[in-house]
Amino acid sequence: MFRSSSARTAADSAANAPIPDSGEVPALSVPEQIVEIVSDSGEGAQTAGQIFGTVCAKMGNGLWTVEIIPAEIEPPARSRAGASGIRIRFGTKPVASMGDQADLVVAFNEQVLYSRIDQGALRPGTLLLIDDKWSASDDPKTREAYQKALEDFHIAGYIVREIPIHAETHELTDNPQRGKNMWVVGLLCALYSRDLDLAKREVQLLFQRKRKGEDVIALNHKLLDAGHAWAVEHIDARFEVPSETHSEPMVVMNGNAAIALGAMAAGIEVCSMYPITPATSASHYLAADFHHAGGIVHQAEDEIAAVGFAIGASFAGKTALTITSGPGMALKSEFLGLSVMAEVPLVVVDVQRGGPATGLPTKVEQGDLLSSVFGQPGDAPKVVMAPSSHEECFHFMVTARKLAESFRTPVFVLSDANLATAQACLPRPNVSEEWLSPPIDQSPWKEGAPAYGWDPETGISRRPIPGQPGGAFVLTGLAHDEYSHIAYESSINQRAMNMRSRKFAALQTALKPPEIYGEEEGDLLVVGWGSTRGAIEEAVDRIRRDGHRVGSVCLRFLSPLEPGLDEIFRRYRRVMTVEINYSDDVADLGRAGERRYSQLAWLLRATTLVDVDCWSRVPGQPLPPQMIEEALRSRLEGAESCTD
Amino acid sequence: MYGLKTDWIDESIPRYYTFEDYEGATARWCSGCGDHGVLTAVQRLCRDEQLPPEKTVFVSGIGCASRFPHYVKAYGFHGLHGRALPVACGVRARRPDLHVFVATGDGDCCSIGTAHWIHAIRYNMKMVVMLLDNNVYGLTKNQTSPTSKKGSSSNTHPGGSLLDPINPIQASLGIANASFIAQTVDWNPAHLFATLAAAHRHPGFAFVRILQRCPHFKSGLFESMMNDPSQVLLMTHPDGIEVDAAVKKQFENQREHDPSDLAEARALADSQDGTPIGLFYRNDSADRYDAFTVEGIATSRDTKLRALETQLDRYQI
């Protein structure tokens, strides 16, 4: 049931090789690898993975990491639900998704591996390197559980190797729990022929940022050396993931950092927020460094105040941003409606997580699309964009700010927990001075000119800001005319709604139809949005290799939609969306007409009148390419046999 | 000033703003509503202080009192129910050159917007906040407000409200970093004006509760206090609200209260012998959050660019 690949074969054979003996071991060349480090919470697996991933990227590999996060801050040790860690996928070519099953997993205890099995992260042949500490536990129950797990793993076809992570780390530090991660980085550097000096530099930078002393850095360097030396002596497998030289300067960061830097590059001055997972880290990056660029982070008393503060700053002529996640969007909704009604420019980042209500706070979902587009009472059109990569996380912030001001509107940027926490490579942005220009047309306001001088064609108007003589007006959330006077006459509301709607028709005329990936016409078109792009394109590649005529598009604009969709859709026999949100499977229902579609599918069906199908899942993790591939194959088969 | 046009003035001569320069739309409050008097006092304050209309911002929420910005000729923000204060803080954050006034009501401030009220006092950003407290929801037609007296009947509590009201002064005095808490009444223009003027001069968040008549739904609520000024306790002090002798003479019931004495302020807020007016508490040296929010407002584009490149260097591989 698993696809074979050269990477897999190589890992399997290397793992089966005899272990001891030292000396130069020839490295097996593989196109990509998926490595996981899993542990109890607080054992530094994520830090280790980030360092190892950065080293791979620095050596020229494509990179994508995925954080494995338990729901609690301190879940019980050695519990299946407490699995914390990181997946590092690196390859010769650029990597744009988390991929399928892991090739190699380093585990600090055996119990956390069960949750990875439950998540479908392992396959027969996956090499497991497990800390042997638990085999000598004082607690007979722990010893028993450990042995039982090893048997389970063996039966399931994983290749198990016990390694003395704890014992070796203990040689160097009294607190091995805090040093194991670095020892493992050293080990991985040996296995994958990575430059240990690069790892040392990353470790140094990390601890300098945390304001730790030289002694801490020296100890961690020793741990790296020790892990490396142990692997050289005891493991005779070496892999090489060849790298291609980058043609331009590259940076490595996660999506939330890209959003934070994008906000700085966009000339935003005020980030007003309330803590919420998984959005908060974007504000952390800004809180640490925003002041160097003259900006501030305001931690408000609640989500409502956060957006209100941003709207107040924007009304006063400052560029403002609020960053949140689904529950925060729900709380902000009334203010977002005001921002539409009173045409106050505002950038809103929604780092989506599972919903509704508290949902899956640390896990990915693309569940806020329809509530973003339609979530306010009345007609509240606004711009909704979704970055599909880290590069877009950065640049969409600049675009969002420009659109917000040009169209006097809120602009929602829908990221998600997958982009937020995944580290990836992107070309270093060439920052333009023009992005930082002040938001307001500074020329004098013509006395008596209306505050909403709507252009009849585009609905666009210039706005006065406090401080401009002659421009004084009273912004109101009540229906109003172009002078912002309260609409006491019945025709005013119709016209004002029309003017506010027209802006988005005007914006749509400035957009291009989306680019098609794969076949320009054929059997099946897959439509996605946001962070699923990389996985969808991988699945499309695999299916095309079998001769199927399949293409995909990724929509960056969800409101207004990019133009030309119905024309594109008509070139394919079937059109379907792939999303991380809920939809009914047709097979579960008595009648197709009762089916509840995934969110983009609803939107596309309504706007194009094409019978757009969908496949969506809410597993609380990114969709692996293989799952998508299987879904697409079943649709193609269904189309051929016409049973669907 | 009737008939005098001011547009002959050359821009090199500072313009003198007249009372009329602050007149916005015609106020649509009921006749006899206490809000009219507050509006006049504020317009007079703007004129006396010569606040440039374009540099003055009135922010409000929703309710009768929140119509206030429409009636002043200045920049205004008539936003959402309960949310005037976050908006006002946002306006203030990066614009120390603006004069910010907030008009809010007892429902707006002490019910739906309570969280913001508490935190705005703690932020202590420079602005004047007027709580126009008429003990009732007027715009939505006579519902119980958090400051309605226990037992008072309304459309939501026809048999009388069930609980004791919130005391906005006592609540405000309980908040860390409070810096200016005063109380006045709409029917004494001199005291009202003096209180607002002191609030405007205060270097921080000046919270003024104004007891305000609602003849439509709370007819007679303050009548006995108006007819018998001895029911009012005038707080006096050189550091408090300055009123001239003629005004003082109206109040036989007076008490000197040092506004730096927080414990006494709290005792007075619960006073059973007369409704105190004047300044309860003042602390000019309380921390100001706007001292933080204005940081970096003059950052040059070059500095921003350099900061950004330094950040990108950190992530470069």
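The values are calculated or read from the model by the stated rules, or taken from the named source; none is laboratory data. Since the structure is predicted, the reported quantities are computational estimates derived from the model, not experimental observations. Here the Cβ is made from the backbone with ideal geometry for all residues, glycine too, and neighbour counts use every protein chain on show. Note: areas computed on protein heavy atoms with side chains; ligands, DNA, RNA excluded. Shrake-Rupley method; radii C 1.70, N 1.55, O 1.52, S 1.80 Å.
Points worth noting:
- Using just its DSSP H runs of length 4 or more, each adding -39500 (n - 2.57), the protein assembly as shown gives a mean residue ellipticity at 222 nm of -10500 deg cm²/dmol after division by all residues.
- Value of Rg to Rh for the stretch A:495-566 (Rh from inverse mean 1/r over Cα pairs, i.e. Kirkwood): 1.14
- Evaluating 6.51 cos²θ - 1.76 cosθ + 1.60 at θ = phi - 60° for every residue in the stretch A:210-224, the Karplus couplings come out as 7, 6, 8, x, 4, 4, 5, 5, 4, 4, 5, 5, 4, 5, 4 Hz, glycine and proline recorded as x.
- Going by accessible surface with a 1.4 Å probe and the largest first, B:H200, A:H395, B:H116 read A:H395, B:H200, B:H116.
- For the stretch A:485-598, the relative contact order is 29 percent, taking Cα pairs closer than 8 Å that sit 6 or more residues apart in sequence and dividing their mean separation by the residue count.
- At most 16 other Cβ within 10 Å, DSSP loop - GluC sites (Glu not before Pro), the stretch A:363-457: A:E447, A:E457
- Amide proton proximity set for A:E36, modelled H, under 5 Å, gap of 5+: A:I88, A:L104, A:V105, A:V106
- Relative contact order of chain A, pairs being alpha-carbon contacts under 8 Å that are 6 or more residues apart, as %: 12
- Amide N of the stretch A:285-313 lying under 19 Å from the label point, which is placed 7 angstrom from the Cα of B:E295 along Cα→Cβ: A:285-301, A:310
- Projecting the Cα atoms of B:T310, B:V247, B:L234 onto the charge dipole of the stretch B:233-317 (Cβ charges, centred on the Cα centre) puts B:T310 farthest toward the positive pole.
- For chain A, convex hull volume per residue from C-alpha positions, Å³: 171
- Residue-wise HN-Hα coupling along the stretch A:568-583, computed from phi with Karplus coefficients 6.51, -1.76, 1.60 (Hz; x: Gly, Pro): 5, 4, 6, 7, 10, 5, 9, 10, 9, 9, 10, 9, 9, 7, 7, 8
- Angle in degrees between helix A:490-509 and the longest Cα principal axis of chain A, rounded to the nearest 10: 40
- Filtered trypsin sites (Lys or Arg not before Pro), the stretch A:425-510: DSSP coil and at most 12 other beta carbons within 10 Å: A:K446
- For the residues of B:291-297, the average number of beta carbons from a partner chain within 10 Å of their own beta carbon is 4.
- Most positive-pole-ward Cα, A:A424, A:G367, A:G337, against dipole of the stretch A:251-436 from beta carbon charges: A:A424
- Per residue Cα convex hull volume in Å³ - calculated over the stretch A:211-255: 161
- Modelled this way, with points 7 Å down the Cα-to-C-beta line, the labels at B:S230 and B:T26 are 4.4 nm from one another.
- Relative intensity of the stretch A:6-240 on a log10 scale, I(q)/I(0) at q = 0.07 Å⁻¹, equals -0.20, per a Debye sum over C-alpha point scatterers of equal strength in the absence of solvent.
- Among the GluC sites (Glu not before Pro) in the stretch A:31-76, those placed in a DSSP loop whose Cβ has at most 13 other Cβ atoms within 10 Å are A:E72.
- Given charges at beta-carbon only (K, R positive; D, E negative), |dipole| of the protein assembly as shown in Debye: 1580
- Vicinal HN-Hα couplings computed from phi for the stretch A:362-367 (Karplus, 6.51 cos²θ - 1.76 cosθ + 1.60; Hz; Gly/Pro x): 9, 10, 7, 7, 10, x
- The stretch A:362-398 residues near the modelled A:N493 label - backbone nitrogen below 12 Å, point 7 Å along Cα→Cβ: A:378-379
- Relative contact order for the stretch B:122-185, counting Cα pairs under 8 Å that sit 6 or more residues apart, in percent: 25
- Gyration tensor (alpha-carbon) shape descriptor, the stretch A:440-508, a/c threshold 1.5: oblate
- Structural size metrics of the stretch A:251-436, computed from C-alpha coordinates, are Rg and Dmax of 14.6, 43 Å.
- Quotient of C-alpha Rg and 2.2 N^0.38 Å, computed over the stretch A:517-641: 0.98
- Residue ranges A:270-283, B:142-155, A:549-562 sort as A:270-283, A:549-562, B:142-155 when ordered by packing (mean number of other C-beta atoms within 10 Å per residue, highest first).
- Degrees, to the nearest 10: A:180-191 long Cα axis against longest axis of chain A: 80
- In plain terms, the chain from A:E434 to A:E520 could stretch by 27.3 nm, reckoned as 0.36 nm per residue minus the Cα-Cα distance.
- Listed peptides A:247-253, A:572-578 by packing density, highest first (mean Cβ within 10 Å): A:572-578, A:247-253
- Taking the Cα centre of the stretch A:440-508 as reference, the dipole from Cβ charges on Lys and Arg (+1) and Asp and Glu (-1) amounts to some 180 debye.
- Within the accessible surface of the stretch A:452-579, defined with a 1.4 Å probe on protein heavy atoms only, the carbon and sulfur portion equals 46 percent.
- Around the amide H of B:H216, modelled in the peptide plane, lies no amide H under 5 Å away from a residue 5 or more places distant or on another chain.
- For peptide A:261-267, the mean count of partner chain Cβ atoms within 10 Å of a residue's Cβ comes to 3.
- Kirkwood-based Rg to Rh ratio, the stretch B:19-315, C-alpha trace: 1.01
- Taking amide hydrogens as placed 1.01 Å from N in the peptide plane, the amide H of B:V294 sits under 5 Å from that of no residue at least 5 positions away in sequence or on another chain.
- Here the accessible area of chain B is 51 percent carbon and sulfur, with a 1.4 angstrom probe and all protein chains present.
- Legend: mean number of C-beta atoms from other chains within 10 angstrom of residue C-beta atoms, peptide A:268-279, equals 1.
- Taking Cα centre as origin and charging only the Cβ of basic (Lys, Arg, +1) and acidic (Asp, Glu, -1) residues, the dipole magnitude of the stretch B:19-315 rounds to 880 debye.
- Between 0 and 90°, nearest 10: helix A:140-155 axis offset from chain A longest Cα axis: 80
- Per residue value of the accessible surface for chain A (all protein chains in place, 1.4 Å probe), Å²: 38
- Ranking A:Y582, A:V618, A:S559 by Cα position along the charge dipole of the stretch A:517-641, where only Lys, Arg, Asp and Glu carry charges on their C-beta atoms, puts A:S559 farthest toward the positive end.
- Peptides A:517-525, A:99-107, B:204-212, ordered by how many other C-beta atoms sit within 10 Å of their residues on average, highest first, read B:204-212, A:99-107, A:517-525.
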